[in-house]
Every structure is written in structure tokens, then in C-alpha cells.
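Chemist: Right, I'll just put the structure down here and ask away after.
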Amino acid sequence: MHHVILGAGPAGVVAAETLRKHAPDARITLVGGEGEPPYSRMAIPYYLSGQIGEEGTYLRHEKGHYDDLGINVVQARAKSIDVKQKSLGLKKSDDLSYDRLLIATGASPIRPKIDGLDLPGVHHCWTLQDARDIAELAGKGAPVVLLGAGFIGSIILEALVARGAELSVVEMEDRMVPRMLDKNAGAMLKRWCKSKGVKVLTGTKIKKIEKGKNGLTVKLSGKSKDSIPAKLVVVAAGVRSNIDFLNGSGIKTDVGIKVDDRLRSSVPDIYAAGDVAQAMDLSSGTYSVLAIQPAAVEHGRIAAQNMAGLDTPHEGSLNMNVLDTIGLISSSFGAWSGVKSGESARLLDKDGYRYLRLEFDGDRLAGGQAVGLTDHVGIMRGLIQTGLRLGGWKDKLLKAPERLAEAYIATAQGIGPV
């Protein structure tokens, strides 16, 4: 049995290791598309900020790790799949036959339609090579423009501030991290960044990028129509699943590869995992792409177990994000924007940079978000994932959401509110 794993990120590496555990005699090939050892993209900002070296981004640090497990690592990019012949077409490499295939090709940065993105000094921050290029330009005092203040953009923001760059952030939406934080939390994060010397422009777009006297000139539209000089422009406008090479293959796709509750695609013996898989979202009960590393790792493990013949259902991954932005921790879990006919509670301390929002579906916690409150992170996740009924505690929390920890402990022990 030959298992081929296409993609050497967290989903692919965990899948390969899981397959070796449950299929000790199988042939396993791990195909990575970059000329690097398997690494975590989420570690790149830590490399960029100087907290770790390049090796710190590697998913496994033991020398000979993959060889010792009998996992053949191939560096090549996929160009096509012949599902009838069970053959994977690779660029600049021989075709690879498989018995079972896991597609874990991840995602790629979205390239906005902006004139000037091809100019020297404009970079995405998605690969190790991107980080190397950015590190050469983002020195202390260097004027840098960051396009995008979403989750990925805000992680990059932290790294650029750590490097001492003179940073301006341009976000087209009305707040920072709009897919993770509501208006209260997003506005709070913006005020925090500005207090740390970061210029943040929301409701603003980059119209074009031009060559300037000493580098680049970034021209804006929207609320601000100014121009900003920059030595470096970093583009963080979101990502999309890497599925274009599947055109004509017969594998059903939407925003990602459509999978069932075993992470099987529409074609026999082909599975999908990670940022490319349109799998069950525990928060909404719908199938969607959750481009977060915990979901990728979970997908990789479950897909591999099913490939090895161990029937393992995927009950859904929890939409969750935790972000550290220049020392301010923000988090969101589950249906943080609320559910139909649900109730919510909010605690807001603008001056203290503290915010807590709880969303209920009946007497269960369906979602939540927090800013400046780290004690509630594990509790919110636990309550949402387990679906624990809060009973009379829900009414108490609607009036006093800060009692969440007390409610969690008491409910777990079967103790009602006082």
C-alpha cells in the first residue's frame, strides 16, 4: 500500500506520522512544494521578530526524523491528478502513483488587484523566503506599510514592531481583525496599536504603489487619500485554498475540497486535510474551510487513521483564534457573533482595554470573545466544545459575564448558582 501525502505542512506531517503508527508496513511519501524542510507558517513571524532562528520554524527538529520513520520526503509541486490511473502529476519531477492520496496543499496569499504589487520592495509574508526578503528591508526605523489587519496581518504587525519598523497599517474594513473581533474589540485593538506608535488606517484601501524617491510611494483611497512613503510594503490580504490544480480531475470543490465526515473527497481513496479541506465547522454545523493550525493538525490525524483503515469520524473543528498584538491578548471562539434567537452578554472597560462577550444558544455557550482577559480563554473553549448546559448559570452570566470561571467550575460539579 502506497500512501502519498501532498503537502508538507502541519496537516501533512501529522498525517504521515499517524500513518506510520497505524500502517507500519506501508510505503509513505510526503510531497512538499518548497525547497525547505517541513515547517510551520505560523512560526514565520517569530523568526521575523528574531525570537527563533529558521530551524525554529521546522515542524520536527530531530535529525533524520523522517528517514527514521521510513517516510520518503519529495520536494515538488503538483500540477494534476489522474484519478483513474491513480497518478499524481508533478512539476519538474516524475509522476507519482498512489493507492491512497491525502491532499493537504494548504492555502496561498490572495493577491489584490493593485497596480504596483510587482515592484521591488513589495512582499507577501507566507513563506520562509518571504520572511528572509522582509528581514532585509524591515530594519529599525524603516518606513513599512502593512496591507491588511486581519488575523495573519496582525501577527505580522507584531513581528514588524519588534524589528523596530516605522509601521503604517491599512485595512479596508471598518475595524481590525473583522473576521475575529466585533466593533468593540476591533476598535479597542486599534486604539492599543496607536498607543504603541503604530499608525492604523481602517476603512481605507491602497489605490496603487509607485516608485518613490527613496523607495516606494503608497497611494490611498477611502477615508484617507494621503500617500505614504515606504521602504517595504507587506501584503496580508487573506488566503485561499490551493485547489486550482484539481481542475478537470473530477474531485468536487467549492472554496475548498468537499469532504465527508471521514475527510474523504468525492473520489475514492482521496482525502483532504487542513486549509484545503472544506470540512465540518463545529461552531456553525456547516462545512467550511477553517484556515487555522489546530484544525489542520486534527484533520491530518483523522484523515490518516481513515486511510489506514481505522474508521474515525470527524465531528467538527472549533473556529478559534488567539492573538497577541504588542502585548494585548485577544481571542474568539465558536459563533462569536451570535446565533439566531440567542442571547448575549458583554463586559466593556475601554480605558482598561478589557472586553468580554458571551453568546448563548439556549443555556449553552455558543461563542465568545475576549480582549485583555486571558483567564477566560480555556474556559470559553471548553464550554463551547463540550456543549455543557449551564442551566440557571446562564441567567447569572447574562447579568455578570465576569463570573464565567465560577459558572464553569460550579456547573462541572453540578452546583447551581447562588
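Chemist: PRE reach from ASP324 (point 7 Å along Cα→Cβ): which of region 351-378 fall under 15 Å by backbone N?
Modeler: Only 372-375 pass the distance filter.
Chemist: What ³J(HN,Hα) values, in whole Hz, does the Karplus curve 6.51 cos²θ - 1.76 cosθ + 1.60 give for region 361-374 when θ = phi - 60°, with x put for Gly and Pro?
Modeler: Rounded to whole hertz, the list is 10, x, 9, 10, 7, 9, x, x, 8, 8, 10, x, 10, 8.
Chemist: Enumerate the aspartates and glutamates that LYS396 could reach by cross-link, defined here as Cα to Cα under 17 Å, with residues fewer than 8 away along the same chain left out.
Modeler: Straight-distance partners of LYS396: GLU343, GLU359, ASP361, ASP363, GLU406.
Chemist: Measure off 7 Å from each Cα along the Cα-to-Cβ vector at ASN184 and LYS113, then give the distance between these two points in nanometres to one decimal.
Modeler: About 3.8 nm, to one decimal.
Chemist: Calculate the spin-label point distance for GLU210 paired with ASN72, positioning each point 7 Å from the Cα along the beta-carbon direction, and give it in nanometres.
Modeler: Here the answer is 5.5 nm between the modelled labels.
Chemist: Please work out whether region 100-237 counts as rounded, prolate or oblate from its C-alpha gyration tensor, where a ≥ b ≥ c are the square roots of the eigenvalues and a/c under 1.5 means rounded, while otherwise a/b larger than b/c means prolate and anything else oblate? Let's see the in-between values first.
Modeler: Numbers: a/c = 1.40, a/b = 1.08, b/c = 1.30.
Judged from the Cα gyration tensor, region 100-237 comes out rounded (a/c under 1.5).
Chemist: Mean residue ellipticity at 222 nm from the helices of the chain, using -39,500 (n - 2.57) per DSSP H segment of n ≥ 4 over the full residue count, to the nearest 500 deg cm²/dmol? Display every interim value, and only then the final one.
Modeler: Values: 10 runs with 98 residues, N = 418.
Taken over the chain, the calculation gives -7000 deg cm²/dmol.
Chemist: Checking the a/c ratio against 1.5 first, then a/b against b/c, what shape does the Cα gyration tensor give for region 51-143? The partial results should precede the final answer.
Modeler: Details: a/c = 3.40, a/b = 1.50, b/c = 2.28.
Here region 51-143 falls in the oblate category.
Chemist: Still on this structure, I have one more. Between ARG175 and residues 5 or more places away or on another chain, which pairs have amide H atoms under 5 Å apart, with H built 1.01 Å from N, and which residues are they?
Modeler: Amide H neighbours of ARG175: GLY203.
Chemist: Sticking with this structure for a sec: Just grab the label-to-label distance for VAL418 and LYS91, each label 7 Å out from Cα along the Cβ direction, in nm (one decimal).
Modeler: Taking the simple label geometry, VAL418 and LYS91 are separated by 6.5 nm.
Chemist: Using amide H atoms built in the peptide plane, which far-off residues or other-chain residues are under 5 Å from ALA165 H to H?
Modeler: GLY141
Chemist: Could you give the length gained by full extension between HIS22 and SER341, i.e. 0.36 nm per residue of separation minus their alpha carbon distance, to one decimal place? If you can, show how the numbers build up before the last one.
Modeler: Working: separation 319, 0.36 × 319 = 114.84 nm, distance 4.48 nm.
Gain on extension, HIS22 to SER341, equals 110.4 nm.
Chemist: Right, something else. With θ taken as phi - 60° and the coefficients 6.51, -1.76 and 1.60, list the Karplus ³J(HN,Hα) couplings across region 77-93 in order, rounded to whole Hz; mark glycine and proline as x.
Modeler: 10, 7, 10, 6, 10, 9, 6, 6, 8, 6, 10, 9, x, 10, 6, 6, 7
Chemist: What is the distance in Å between the Cα centroid of region 100-162 and that of region 29-89?
Modeler: What the calculation gives is 19 Å, centre to centre.
Chemist: Sticking with this structure for a sec: For LYS350 and ASN247, what does the FRET efficiency come to when R0 = 35 Å and r is the distance between their Cβ atoms, rounded to the nearest 0.05?
Modeler: 0.10
Chemist: Beyond 24 Å between alpha-carbons counts as too far, so tell me which of LYS79/LYS208; LYS84/LYS252; LYS205/LYS350 fall in that bin. Intermediate values should be presented prior to the final figure.
Modeler: Working: LYS79/LYS208 32 Å; LYS84/LYS252 15 Å; LYS205/LYS350 27 Å.
Violating the 24 Å limit, Cα to Cα: LYS79/LYS208; LYS205/LYS350.
Chemist: Output wanted: per-residue J couplings in Hz (rounded whole) for region 280-294, from phi through Karplus 6.51 cos²θ - 1.76 cosθ + 1.60, θ = phi - 60°, x for Gly and Pro.
Modeler: Karplus values, whole Hz, x for Gly and Pro: 5, 9, 4, 5, 9, x, 10, 8, 8, 9, 9, 7, 10, 5, x.
Chemist: Express as a percent, rounded to the nearest 5, the fraction of DSSP beta bridges in region 122-237 (both residues included) that run antiparallel.
Modeler: 45
Chemist: How much length would be gained if the chain were fully extended between VAL255 and ASP311, taking 0.36 nm per residue of separation minus their Cα-Cα distance, in nm to one decimal? Don't skip to the end; give the middle numbers.
Modeler: Values: separation 56, 0.36 × 56 = 20.16 nm, distance 2.62 nm.
17.5 nm is the gain from fully extending VAL255 to ASP311.
Chemist: Do the alpha carbons of any pairs in LYS199/LYS394; LYS113/LYS258; LYS219/LYS340; LYS183/LYS340; LYS113/LYS183; LYS190/LYS340 sit beyond 31 Å of each other, and which pairs?
Modeler: Working: LYS199/LYS394 40 Å; LYS113/LYS258 28 Å; LYS219/LYS340 41 Å; LYS183/LYS340 19 Å; LYS113/LYS183 27 Å; LYS190/LYS340 29 Å.
Result: LYS199/LYS394; LYS219/LYS340 exceed 31 Å.
A short reminder: the numbers here are calculations on the coordinates, not readings from a lab. Being a predicted model, the structure only gives us computed values, none of them experimental. Glycine gets a Cβ as well: all are built from the backbone with ideal geometry, and neighbour counts include every protein chain shown.
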